[in-house]
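Student: Could you have a look at this structure, given as structure tokens, before my questions?
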Amino acid sequence: MNLPERMTFGIFLGPFHRVGENPTLAFHRDMELIEWLDELGYDEAWIGEHHSAGWEIISSPELFIAAAAERTRHIKLGTGVVSLPYHHPFMVANRMVQLDHMTRGRIMFGVGPGALPTDAYMMGIDPATQRRKMEESLAIILRLFTEDDPITYKGEWFELNEALLQIKPYQRPYMPIAVASIQSPSGVVLAGKYGASVLTITVPRDPSAGRADYSKLWDIAEETAKEHSKVVRREEWRLTVPVHVAETTQQARDDVRVGASQFLREYSEGTNGRDPVFNGADEDLVDWMAEHGYWIVGSPEDCIEGINQLARESGGFGGFLIQTVDWAPRETMLKSYELIARYVMPQFQGSVRSIEASNQWAKERMKPLLAGRIKGLETAKSDYDESRKE
């Protein structure tokens, strides 16, 4: 499997809060989660942008990141993603540069066309134009990041008149760029064109179909990068999947049994209109989704195997993102992230190999070394007895 020496771990925070929950408290709980991940040593958190449908309630990832940066020390914070067709690119560039300086280089810039058709509808945006607008916007933003001369440009839906950023990015030439990719090739084409990384929401492969579709999209990224004399790196490719871990498989699935069916039935199918992937009883839903690779729900060992399965399906990747779903009691969700940090992350970051080697070395030499220790204790006792006779 083509995995890096040290895989990065993080979250993709939509977020997903069930309709009816206190939104003020939900914001604070999301912030609490970022702080907890920072304490546990997670590498990054990506924050989404949505404006409708009631579940994903963060409308400005930049505002959330600014607050989170003041409450954390190490974790990197990314827009996951800014929907570029919703904003004038000059304003996006300025906000990202300001965040880059305010976080002293802990910012990452994730972009996408906009996922919810209801968002685009409310703003009068034709869905057929969103991906084209995303590409036009990103091209200008990268010019604003790197060019010193004023830019004049009249495009399909925005214009610039001698535009020039007052401040250039803190990270040079600019902060890491990532493009969202789910099903269409537009995201990976854009990533390849500019040598950006890719954020992929994974869908498992059909065993009869060979490779997973998302792994085929990576081929397009590599081909496009080559055409534009750029490089895309597998170690910067992040795969995203919903995850919940407990001490045992049964406990993990029982933790989310009710919340998982609510998320899938009420939001994915009921609100977004997606076709059902499982038509059985709701109480069996989480077992089916986990066993067919849509989710990872189980013990730490199950999570390790799930990541290895993603590696086999994809051909290799470098970042594992947990798609956060508010589907279990708060304490068990926080415990899930702790178990992943304690038992899953070390297996993919090389942090326990030397410990295991030291333990094995000691076990192999235990008998002769223990015999020597016992002999040393006996000698010390004998020497003491002799000294008392004098």
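Student: Projecting each Cα onto the charge dipole of the chain (Lys/Arg +1, Asp/Glu -1 at the beta carbon, about the Cα centre), which of 292, 152, 123 comes out farthest on the positive side?
Tutor: Projecting each Cα onto the dipole axis, the largest value belongs to 152.
Student: Hey, another quick one. Want the number for residue 123 to residue 266: 0.36 nm per residue separation, take away the alpha-carbon distance, what's left?
Tutor: Result for the pair: 49.0 nm of gain on full extension.
Student: State the antiparallel share, in %, of DSSP beta bridges confined to the stretch 126-268, rounding to the nearest 5.
Tutor: Roughly 30 percent of the DSSP beta bridges within the stretch 126-268 come out antiparallel.
Student: Ok, one more. Would you kindly state how much longer the chain becomes between residue 387 and residue 183 on full extension, computed as 0.36 nm times their sequence separation minus their alpha carbon distance, in nm to one decimal?
Tutor: 65.2 nm
Student: Sticking with this one: So what is the relative contact order of the stretch 1-113, in percent, for Cα pairs below 8 Å that sit 6 or more residues apart?
Tutor: For the stretch 1-113, the relative contact order is 26 percent.
Student: Sorting check: for 351-357, 180-186, which peptide has the highest mean count of neighbouring beta carbons within 10 Å, and how do the rest follow?
Tutor: Listed from highest to lowest mean packing, they are 180-186, 351-357.
Student: While we're on this one: Specify the angular offset, from 0 to 90 degrees and rounded to the nearest 10, of the alpha carbon long axis of helix 61-71 from the longest principal axis of the alpha carbons in the chain.
Tutor: It works out to around 30 degrees.
Student: Once you compute Rg and the Kirkwood Rh from C-alpha atoms, what is the Rg to Rh ratio for the stretch 277-336?
Tutor: With Rh from the inverse mean 1/r over Cα pairs, Rg/Rh is 0.99.
Student: Here's another thing I want to ask about it. Please report the relative contact order for the chain, taking Cα pairs under 8 Å with a sequence separation of at least 6, and give it as a percent rounded to a whole number.
Tutor: 18 percent
Student: Could you give the length gained on full extension between residue 369 and residue 87, defined as 0.36 nm per residue of separation minus the Cα-Cα distance, in nm?
Tutor: That works out to 94.6 nm of additional length.
Student: Sum -39500 (n - 2.57) across every DSSP H segment of at least 4 residues in the chain, then divide by the residue count to get the 222 nm mean residue ellipticity, nearest 500.
Tutor: That calculation yields -14500 deg cm²/dmol at 222 nm.
Student: May I ask you to order 46-56, 269-279 by the average number of other C-beta atoms within 10 Å around their residues, highest value first?
Tutor: The peptides rank, most packed first, as 46-56, 269-279.
Student: Let me ask something additional. Starting at 0 and stepping by 10 Å, how many percent of the alpha carbon pairs of the chain end up in each bin?
Tutor: Pairs per bin, as whole percents: 5, 20, 30, 23, 10, 5, 4, 3, 1, 0, 0.
Student: Taking the Cα atoms only, what angle lies between the long axis of helix 130-146 and the longest principal axis of the chain, rounded to 10 degrees?
Tutor: Value to nearest ten degrees: 70.
Student: Pull up the cross-link candidates among the lysines for residue 389, meaning alpha carbon to alpha carbon under 27 Å and not fewer than 8 places away within one chain.
Tutor: 375, 381
Student: A further question on this structure: With labels modelled as points extended 7 Å from the Cα through the Cβ direction, what inter-label distance (nm, one decimal) is found for residue 247 paired with residue 331?
Tutor: Rounded to a tenth, the inter-label distance reads 1.3 nm.
Student: Skipping prolines and chain starts, which residues have an amide H placed within reach, meaning under 5 Å, of the one on residue 323, given they are 5 or more residues away or on another chain?
Tutor: 12, 241, 243
Student: Just from the alpha-carbon atoms, what are the Rg and Dmax of the stretch 141-192 in angstroms?
Tutor: For the stretch 141-192, the Cα radius of gyration and maximum Cα-Cα distance read 13.8, 37 Å.
Student: Sort 69-79, 314-324, 222-232 by the packing proxy (mean of other Cβ within 10 Å over each peptide's residues), most packed first.
Tutor: Highest-to-lowest ranking by the protection proxy: 314-324, 69-79, 222-232.
Student: If the only charges are +1 at each Lys and Arg Cβ and -1 at each Asp and Glu Cβ, what is the size of the charge dipole of the chain around the Cα centre, to the nearest 20 debye?
Tutor: Once rounded to the nearest 20, the dipole reads 1100 debye.
Student: Using a 7 Å offset from the Cα along the Cα-to-Cβ direction at both residue 309 and residue 53, what is the distance between the two label points in nm, to one decimal?
Tutor: 2.5 nm
Student: Any idea what diffusion coefficient the stretch 1-134 gets from Stokes-Einstein, in µm²/s, Kirkwood Rh on alpha carbon pairs, 37 °C, 0.692 mPa s?
Tutor: The calculation lands on 209 µm²/s.
Student: Also, I was wondering about something else. Hey, what D do you get for the stretch 32-96 in µm²/s if you plug the Kirkwood alpha-carbon radius into Stokes-Einstein at 20 °C and 1.002 mPa s?
Tutor: This corresponds to a translational diffusion coefficient of 170 µm²/s.
Student: How large is the direction-averaged shadow of the alpha-carbon convex hull of the stretch 264-390, in nm²?
Tutor: Computed as one quarter of the Cα hull surface, the answer is 14.2 nm².
Student: With axes computed from alpha carbons, what is the tilt in degrees of helix 330-339 against the longest principal axis of the chain, rounded to the nearest 10 within 0 to 90?
Tutor: Approximately 60 degrees, to the nearest ten.
Each reported figure results from applying straightforward, stated rules to the coordinates on display, with no laboratory input. These figures come from a predicted structure and were not determined experimentally. We place every Cβ from the backbone using ideal geometry, glycine too, and count neighbours over all the protein chains shown.
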